[in-house]
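S.K.: Dumping the structure here so I can ask a few things about it.
Where a number appears in this text, it was derived from the coordinates with a stated rule and is not lab data. Because the structure is a prediction, the values reported are computed rather than measured. Here the Cβ positions follow ideal geometry from the backbone for every residue, glycine too, while neighbour counts run over all protein chains shown.
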Amino acid sequence: MFKSLLAAFVLFRVAFGLNILLNNDDGFGASNIREFYRLLVAAGHNVYMVAPAFDNSGQGGRMSLTTSPTLATPSQFNLVPAGSPSLGQDPHDSHIWYYNGTPASCTLIGLDHVLPTFGDFAVPDLFVSGPNFGDNVGTFAFTGSGTIGATYTAIGRNVPGIAFSAANPTLGYTALTNTTNPSTWAAELAVQFVDTVAKNARPGKPLLPLGYGLNVNFPPLNSTCMRPPLVASRFSGGSGMPKFQYNDTSKLVGIADNNYFGVISAGENQCINGDCGLPGESVVVTACQTSVTVFTVDYDAPMNRDTFAVEQLVFGASGW
Ligand SMILES: *[C@@H]1O[C@H](CO)[C@@H](O)[C@H](O)[C@H]1NC(C)=O
Ligand SMILES: *[C@@H]1O[C@H](CO)[C@@H](O)[C@H](O)[C@H]1NC(C)=O
Ligand SMILES: *[C@@H]1O[C@H](CO)[C@@H](O)[C@H](O)[C@H]1NC(C)=O
């Protein structure tokens with residue numbers, strides 16, 4: 001009886017346990033990614049983390065390769081001391097790696113070096129990033145967020161990718177003292193999301209079609225909002241970007257009113273691709289709802305009248 005139960009349990013784990021590469025932009029010591037890692041492993045997934053040694057928010061898909069083999073300063077939250085290798089392992093967990101570079105660089109170092117050399121798999125079934133500290137909603141966040149940049153980099157390298165973001169503020173993982181906090185809640189939802197996708201996937205097929213990804217944003221989580229329903233969304237629709245403001249006293253440029261999404265302009269909210277009937281993810285997360293946007297890394301314009309008109313400007317009758 002016990003043996004068959006055990007066998008069923010093992011089968012279940014084999015059926016749904018994925019080989020996962022995990023990354024973020026807030027750094028390898030952030031509480032959100034550490035809770036996500038812990039709970040993915042607890043759910044039976046085989047996970048390697050390769051994430052920035054320091055906070056790398058806002059780096060988008062930028063590459064960076066350090067020219068120093070060692071860290072000049074202690075890593076984020078003093079998890080490893082100055083002088084540690086620029087690419088190294090967490091002292092307490094051999095599946096957790098950090099690199100002194102951007103999120104997109106961590107993705108590529110994970111795929112090209114860490115997994116093939118040190119992993120028990122070389123090609124992940126799934127790449128996941130986050131949950132980011134702060135929601136990454138709208139057109140501007142898509143290219144600017146390191147959490148999403150790490151994800152579209154993985155997708156470009158044939159690995160299905162999901163970017164997760166949550167609304168809670170930054171915390172080092174060692175500051176967590178219990179599991180009743182927004183980092184754990186966001187991680188629980190992210191694991192549930194991964195498990196849902198895995199269970200609905202067709203056996204033996206890639207989790208997502210080639211070139212496809214998902215951008216998932218959780219609303220602020222609290223005792224009245226613990227299980228926000230999933231809502232299909234799109235990047236454009238209520239999507240904002242910063243307004244820059246020059247300060248004559250400090251002679252510095254800052255973000256007006258500290259409002260990162262302060263300017264909602266028609267250009268970034270034009271619906272060109274996808275289902276124009278879907279709500280913008282910026283709007284979805286203002287209620288207790290999780291936004292789920294399907295995207296691709298094919299950024300070409302669709303075939304339509306506007307695209308044809310643009311092509312005519314270049315290739316039209318008045319020749320080059
Ligand atoms: C759990 O930890 C959070 C901070 O991480 C704290 O705000 C909260 O009061 C703690 N709750 C309990 C029940 O200890
Ligand atoms: C709880 O979260 C919901 C939705 O995310 C938000 O509308 C509400 O204001 C929050 N409540 C508290 C007490 O913070
Ligand atoms: C401009 O800079 C000064 C000096 O740093 C600061 O006190 C002031 O709050 C700033 N004004 C705005 C609108 O940010």
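S.K.: Quick check on the chain: helices-only [θ] at 222 nm, where DSSP H runs of length 4 and up contribute -39,500 (n - 2.57) each and the sum goes over total residues. Nearest 500, please.
M.R.: For the chain, the value works out to -8000 deg cm²/dmol.
S.K.: What Kirkwood radius, in Å to one decimal, follows from the Cα pairs of region 33-118?
M.R.: 13.3
S.K.: Helix 182-200 sits at what angle to the longest principal axis of the chain, using alpha carbons and giving 0 to 90 degrees rounded to 10?
M.R.: Approximately 90 degrees, to the nearest 10.
S.K.: Let me ask something additional. Based on other C-beta atoms within 10 Å, arrange Cys271, Cys276, Cys106 from fewest to most.
M.R.: Placing the least packed residue first, the sequence is Cys276, Cys271, Cys106.
S.K.: Also, quick follow-up: Multiply the residue separation of Gln192 and Cys288 by 0.36 nm, subtract the distance between their alpha-carbon atoms, and state the gained length in nm to one decimal.
M.R.: 32.9 nm
S.K.: For the chain, what percent of Cα pairs sit more than 25 Å apart?
M.R.: For the chain, the fraction of Cα-Cα distances above 25 Å is 53 percent.
S.K.: Around Ala150, with a cut-off of 15 angstrom between Cβ atoms, what is the net charge of the other residues, counting Lys and Arg +1 and Asp and Glu -1?
M.R.: -2
S.K.: While we're looking at this one, here's another question. Would you mind computing Rg(Cα) / (2.2 N^0.38 Å) for region 141-209, counting N as its residues?
M.R.: 1.33
S.K.: If you don't mind, there's one more thing I want to ask. Ratio of Rg to Rh for region 222-263, alpha carbon only, Kirkwood?
M.R.: Rg/Rh: 1.25.
S.K.: Could I ask something else about it? Setting aside same-chain residues fewer than 8 positions from Lys205, which aspartates and glutamates have a Cα under 14 Å from its Cα?
M.R.: Asp125
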